[in-house]
Amino acid sequence: TNYDVADETINETTEKLKGVADVIKRLPFDINLKGFIRPDLLVSRQQDWEHMAEAGLWAHFYGVESFNHSSAKYVGKGLHPDKLKQGLLDAKKWFVQNGRKKYRASVSLIIGLPGETEETFDDGVKWVMNEFSQPGHTESVAIFALHIQDGDANNLKSNYSHFDRNWEKEGVFKKS
């Protein structure tokens, strides 16, 4: 009864969510879905939350990428971070109240985006850990390094990103 949705943006349109919910409501059993959620659409279309709940879409993977506004805009995520943060908190509260404790969330961030600094990145991670995630709850942060593949290399294992090659020399991060 637990399914991963193989769609890069399950909440792309209200019509898609309504269609999924309509099909799932006709099933003779309850299901639980996990899927990729565009957080800007989640925040701006609160009317979709009910359709998500009807579809059993309780586990959300939010591709936030950065809480630094200029860095987020660089990768097409233009919603102001303050509005995004409040919207994520509002959505979490709604889904926890309406999801019979089934709500799960992961916030995805990318380290190394243009305009991002150590401080702004750390601030974003701290917000997720201290404000969005709470002890005893099931929220998490997933951190990925920006990787821009060299056009001549076909194998990612031999084509490391600038971050992979230089993180120790730059002295920003330390091995623990």
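The conditions of being within 25 Å of S133 (Cα to Cα) and touching a strand residue (DSSP E or B) at 6+ places or on another chain (Cβ under 6 Å) are met by A59. Of everything listed in (1) open to solvent by 30 Å² or more (accessible area, probe 1.4 Å); (2) more than 27 Å from F121 (Cα to Cα); (3) among the charged types (D, E, K, R), the single unmet condition for D48 is (1).
Conditions (1) assigned to a strand (DSSP E or B); (2) modelled with pLDDT of 95 or more; (3) on the phi < 0 side of the Ramachandran plot, marked per residue:
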| site | (1), (2), (3) |
| --- | --- |
| K18 | no, yes, yes |
| A21 | no, yes, yes |
| F61 | yes, yes, yes |
| F67 | no, yes, yes |
| S70 | no, no, yes |
| K73 | no, no, yes |
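Within segment 25-40, being surrounded by fewer than 17 Cβ atoms within 10 Å (Cβ to Cβ) and either small (G, A, S) or outside any strand (DSSP E or B) (or both) holds for K25, R26, L27, P28, F29, D30, I31. Within segment 97-110, residues that are over 12 Å from E65 (Cα atoms) and open to solvent by less than 30 Å² (accessible area, probe 1.4 Å) sit with their Cβ atoms under 6 Å from residues that are in a helix (DSSP H, G or I) and of a type outside the set (F, W, Y), at 6+ positions apart or across chains, in these pairs: Y103/V96. Does K93 count as under 30 Å from G115 (Cα atoms), out of contact with any helix residue (DSSP H, G or I) (no Cβ under 6 Å at 6 or more places or on another chain), surrounded by fewer than 21 Cβ atoms within 10 Å (Cβ to Cβ) and without any contact (Cβ under 8 Å) to a residue 12 or more places away in the chain? No; evaluated as a whole, the condition is false for this residue.
Of all residues in segment 117-124, none satisfies being touching a Pro at 6+ places or on another chain (Cβ under 9 Å) and closer than 26 Å to G19 by Cα.
The values are calculated or read from the model by the stated rules, or taken from the named source; none is laboratory data. Bear in mind that the values here come from a model prediction, so they are computed numbers and not experimental data. Virtual Cβ from ideal backbone geometry, glycine too; neighbours counted across all protein chains shown. Just so you know, the surface numbers come from the protein's heavy atoms only, side chains and all, with ligands and any DNA or RNA stripped out. Shrake-Rupley method; radii C 1.70, N 1.55, O 1.52, S 1.80 Å.
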